[in-house]
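Only one structure is covered here, and it is reproduced in the block below.
Where a number appears in this text, it was derived from the coordinates with a stated rule and is not lab data. Predicted model, so just to flag it, every value in this text is computed and none were measured. Note that we place each Cβ from the backbone using ideal geometry, even for glycine, and neighbour counts take in every protein chain shown.
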Amino acid sequence: VAQMMNQPVEKVYKTLVTVSNTKEYLVYMIPVEKELDLKKCAKVAGVKSCEMIHVKDINKITGYIRGGCSPLGMKKQFRTFMYEDSLNQDTIYFSAGKIGMQIEMDPKVLVDLIHVQAVDIIKE
């Protein structure tokens, strides 16, 4: 997606959904070239553990399909966390809820809009 849009990978984000040991769904946004650290995710969410939801459950839980999951407009607003370095960008890109469509937004606006927490959640 970053290459197709001619944008640096650190500005293009993917939206990932996990489920915690307490059965709470948690949303994480990270740059497309990075990998989510599930131990860090659990720690920032204040839960014992979390794991990626099954692909077959994405639509039922979020209302979106795999590859088109957006932090905006899910069936329910889940707690959302974003990689802390996003705040160093003037804008970031993330899914608009349909494969091939992206939203460009100031990450600080996204933080205010849906109460995103900017934290360290990627593997080093």
- Message: For LYS108, give me every one of the aspartates and glutamates with a C-alpha distance below 17 angstrom, ignoring sequence neighbours fewer than eight places off in its own chain.
- Response: GLU10, GLU84, ASP85, ASP90, ASP120
- By Cβ neighbour count within 10 Å, fewest first, ASP57, ASP85 rank ASP57, ASP85
- Note on the structure: Fewest-first ordering of LEU38, LEU16, LEU113, LEU87 by Cβ atoms within 10 Å yields LEU113, LEU87, LEU38, LEU16
- Task: Fewest Cβ neighbours within 10 Å first, please rank MET101, MET29 accordingly.
- Result: MET101, MET29
- Note on the structure: The rounded separation in angstrom of the Cα centers of region 1-50 and region 58-124 is 9
- Item | Summed side-chain charge close to LYS34 - residues other than LYS34 whose Cβ falls under 13 Å, Lys, Arg +1, Asp, Glu -1 | -4
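If you take every residue apart from GLY46 with its C-beta less than 14 Å away from the C-beta of GLY46, what net charge results, scoring Lys and Arg +1 and Asp and Glu -1?
Details: positive: LYS39, LYS40, LYS43, LYS48, ARG79; negative: GLU24.
Spelling it out: positives minus negatives among the neighbours equals +4.
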- Note on the structure: If each K or R counts +1 and each D or E counts -1, the residues other than MET105 whose Cβ falls under 12 Å of its Cβ total -2
- With -39,500 (n - 2.57) per DSSP H segment of 4 or more residues and division by the full residue count of the chain, the 222 nm estimate, nearest 500 deg cm²/dmol, is -4500 deg cm²/dmol
- Task: Just round it to a whole percent: the fraction of Cα-Cα distances in the chain exceeding 18 Å.
- Result: 47
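So which of LYS11/LYS48; LYS11/LYS39; LYS75/LYS98; LYS76/LYS123 end up more than 22 Å apart, counting from Cα to Cα?
Numbers: LYS11/LYS48 30 Å; LYS11/LYS39 24 Å; LYS75/LYS98 15 Å; LYS76/LYS123 28 Å.
LYS11/LYS48; LYS11/LYS39; LYS76/LYS123, as the Cα separations exceed 22 Å there.
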